[in-house]
Amino acid sequence: MPSWRGATPPAPGAPLAWQGRNDRDLPTQGITVRTVLVVDDDPAVAHAVASALSRAGFSVELAEDGLAGFDAAQRLHPSVVVTDWVMPRGDGALLCHLLLGDASLSRTPIVVFSSIQTMPEVPNPNVRYCRKPCAPEALIRTIDELLEHS
């Protein structure tokens, strides 16, 4: 059952146009569902982030590495991507490169959520860095700020 961030859910039996999750922001009866793609090779971290984002009203999809994340992004066209930087099969650098180089995804906001000390330069205003460990509120605030400006 989806969370309804600050809104009342539609009546039972009402069509849920967003179920396909193929569009960036899908309005349904005045509600905009924001999809976050979480890319992390650590299942415990991925599920903890997904849980916090779901409680905040986001629709969340998971991918286990940069290559799977890019495939999911092409399919979902998420509102924002949250990615780890260090992963064994397609790291965050590759994922950022692929997303920013794809015409249909190049404006998708990206949050690099990693324990690396220094974030490499990613010359794009839609890319932010949030260092692990991080309070869920700080990650959500970063996502909200990116979505506000995208």
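The values are calculated or read from the model by the stated rules, or taken from the named source; none is laboratory data. Owing to the predicted nature of the structure, the values given are computational and were not obtained by experimental measurement. Counting neighbours? That spans all protein chains shown, and the Cβs are built from the backbone with ideal geometry, glycine included.
Residues Gln19, Gln29, Gln74: which one is of a type in the set (S, T, N, Q), at pLDDT 95 or above and surrounded by fewer than 21 Cβ atoms within 10 Å (Cβ to Cβ)? Steps first, answer last, please.
Values: Gln19 fails: at pLDDT 95 or above; Gln29 fails: at pLDDT 95 or above.
Matching residue, one of Gln19, Gln29, Gln74: Gln74.
Report yes if Leu37 is within 19 Å of Gly92 (Cβ to Cβ), at pLDDT 95 or above, aliphatic (A, V, I, L, M) and more than 14 Å from the chain's Cα centre (by Cα), otherwise no.
Values: within 19 Å of Gly92 (Cβ to Cβ): yes; at pLDDT 95 or above: yes; aliphatic (A, V, I, L, M): yes; more than 14 Å from the chain's Cα centre (by Cα): no.
No; evaluated as a whole, the condition is false for this residue.
Each residue in segment 89-117 was checked for being surrounded by fewer than 18 Cβ atoms within 10 Å (Cβ to Cβ), outside any helix (DSSP H, G or I) and within 16 Å of the chain's Cα centre (by Cα), and 3 pass. Screening Thr142 on (1) out of contact with any Asp or Glu (no Cβ under 9 Å at 6 or more places or on another chain); (2) without any contact (Cβ under 8 Å) to a residue 24 or more places away in the chain; (3) not in a loop (DSSP other than H, G, I, E, B); (4) not hydrophobic (A, V, I, L, M, F, W, C) shows it passes everything except condition (2). When every residue of segment 44-56 is checked against the conditions, none turns out to be among the polar types (S, T, N, Q) and buried (at least 21 other Cβ atoms within 10 Å of the Cβ).
Among the residues of segment 115-150, those identified as polar (S, T, N, Q) and closer than 23 Å to Asp91 by Cα are Ser115, Gln117, Thr118, Asn124, Asn126, Thr142.
As a summary of the residue check, Arg128 satisfies the conditions (1) modelled with pLDDT under 95; (2) in contact with an Asp or Glu (Cβ under 7 Å, 6 or more places away or on another chain); (3) crowded, with 19+ Cβ neighbours inside 10 Å except for the one numbered (2).
How about segment 75-88: which of its residues are within 22 Å of Asp144 (Cα to Cα) and part of a helix (DSSP H, G or I)? Lay out the reasoning, then the answer.
Quick first cut of segment 75-88, residues within 22 Å of Asp144 (Cα to Cα) only: 76-85.
Leu76 - this is the single residue of segment 75-88 that is within 22 Å of Asp144 (Cα to Cα) and part of a helix (DSSP H, G or I).
Any residue in segment 61-74 that is free of Cβ contacts under 8 Å to residues at least 24 places away in the same chain and of a type in the set (Gly, Ala, Ser)? Checked segment 61-74: no residue is free of Cβ contacts under 8 Å to residues at least 24 places away in the same chain and of a type in the set (Gly, Ala, Ser).
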